[in-house]
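**Student:** I'd like to ask some things about the structure below.
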Amino acid sequence: MTGIARTLRVLATAAAALLAVTAFSPPALAVPEPRAPREFVDLRSVDPTVLTEMRYATAHTFMGEAVDGYRRPVCILTRPAAEALRTAQRRLVRQGYSLKVYDCYRPQRAVDHFVRWAKDLDDQVMKGEFYPRVDKSRLFADGYIAEKSGHSRGSTVDLTLVRLPARPAGPYVPGEELVPCYAPRGERFPDSSVDMGTGYDCFDTLSHTDDPRIGGEQRANRQLLKGTLTDAGFVNLPEEWWHFTYRPETFPDTYFDFPVDRRSVAGH
């Protein structure tokens, strides 16, 4: 055997050995998604009668797209907050109403998505509905967007009231003509809520719970929601009629980032 032939044979043997090692090498392990602590539950496991319209799992948001981290339209909360909602729901059902949740636990990655969007001043696709009278450059200064959210601690919920029997919410069609969130109820997006004076996530001072311009039936509806939830242990954010936090919070100082997915709370 010539020297060249011997060299080629050695190289071929080495290449075959390398292929064999590669073929049987175990695949790189994927980094597992974080899961929720056991104190978190799917609201349906505590009270399946509360209606859900998890907006951030859809394109009908102030950004015009689904939000990072919302894998499924499921309301995840700390157990004490979920049980307090059950107490409020039982009281409201006797009066002919149901709660409907828009957002519950919110992962930090979703908040980061909000921040990136707010810094992109050219993206104003949904301005006509959600912030018609607010310059996008003011969203941080005016408090509509922040780098941290109480929702990420798990005891805060955005919600409204629906008259029973509940009607289905209207379908959102991306690209459809937008109507200001403070327009008369019959003109703005039909989401089945009673008339609260504005739609959900309306970046406008009319969304302040006790804004003096809101009166009559609209004010009565806000006060019914606020009074019922206050009695159940929640505290309202004065700038948003839909925003409530159960106190004391189970995790007052921790901002979680597990995805909104039933698997995050499986077995809880």
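The values are calculated or read from the model by the stated rules, or taken from the named source; none is laboratory data. It should be emphasised that the depicted structure is a prediction, and the values quoted were computed from it without experimental measurement. A quick note on method: Cβ atoms are made from the backbone with ideal geometry, for glycine too, and the neighbour counts reach across all protein chains shown.
**Student:** Contact list please: Cβ distance under 7 Å, first residue in the range 133-150 and of a type in the set (Gly, Ala, Ser), second residue in a loop (DSSP other than H, G, I, E, B) and exposed (fewer than 12 other Cβ atoms within 10 Å of the Cβ), pairs at least six apart or on different chains.
**Tutor:** Pairs found: Ser137/Leu121.
**Student:** From Thr87, Thr58, Thr52, grab the single residue that is at negative phi, surrounded by fewer than 20 Cβ atoms within 10 Å (Cβ to Cβ), in contact with a Cys (Cβ under 8 Å, 6 or more places away or on another chain) and polar (S, T, N, Q). Even if it seems obvious, please write down each step before you answer.
**Tutor:** Details: Thr87 fails: in contact with a Cys (Cβ under 8 Å, 6 or more places away or on another chain); Thr58 fails: in contact with a Cys (Cβ under 8 Å, 6 or more places away or on another chain).
Result: Thr52 is the single residue among Thr87, Thr58, Thr52 that is at negative phi, surrounded by fewer than 20 Cβ atoms within 10 Å (Cβ to Cβ), in contact with a Cys (Cβ under 8 Å, 6 or more places away or on another chain) and polar (S, T, N, Q).
**Student:** Right, here's the next one. Please determine whether any residue of the range 35-49 is surrounded by 10 or more Cβ atoms within 10 Å (Cβ to Cβ) and modelled with pLDDT under 95.
**Tutor:** Looking through the range 35-49, at least one residue is surrounded by 10 or more Cβ atoms within 10 Å (Cβ to Cβ) and modelled with pLDDT under 95.
**Student:** Filter the range 95-132 down to residues that are aliphatic (A, V, I, L, M) and touching a strand residue (DSSP E or B) at 6+ places or on another chain (Cβ under 6 Å) and give me whichever is farthest from Ser152 (Cα to Cα).
**Tutor:** Of the residues in the range 95-132, the ones aliphatic (A, V, I, L, M) are 99, 101, 110-111, 115, 118, 121, 125-126.
From what is left, the residues that are touching a strand residue (DSSP E or B) at 6+ places or on another chain (Cβ under 6 Å) are 99, 101.
On the way: Leu99: 21, Val101: 16 Å.
Residue satisfying both the conditions and the ranking: Leu99.
**Student:** Select from the range 199-246 the residues that are over 22 Å from Glu53 (Cα atoms), among the charged types (D, E, K, R), crowded, with 19+ Cβ neighbours inside 10 Å and touching a residue at least 24 places away in the same chain (Cβ under 8 Å) and list them in ascending order.
**Tutor:** Matches in the range 199-246: none.
**Student:** Which ones in the range 151-179 are within 21 Å of the chain's Cα centre (by Cα) and more than 20 Å from Met54 (Cα to Cα)?
**Tutor:** Keep residues of the range 151-179 that are within 21 Å of the chain's Cα centre (by Cα), which gives 151-162, 168-174.
None; the set is empty.
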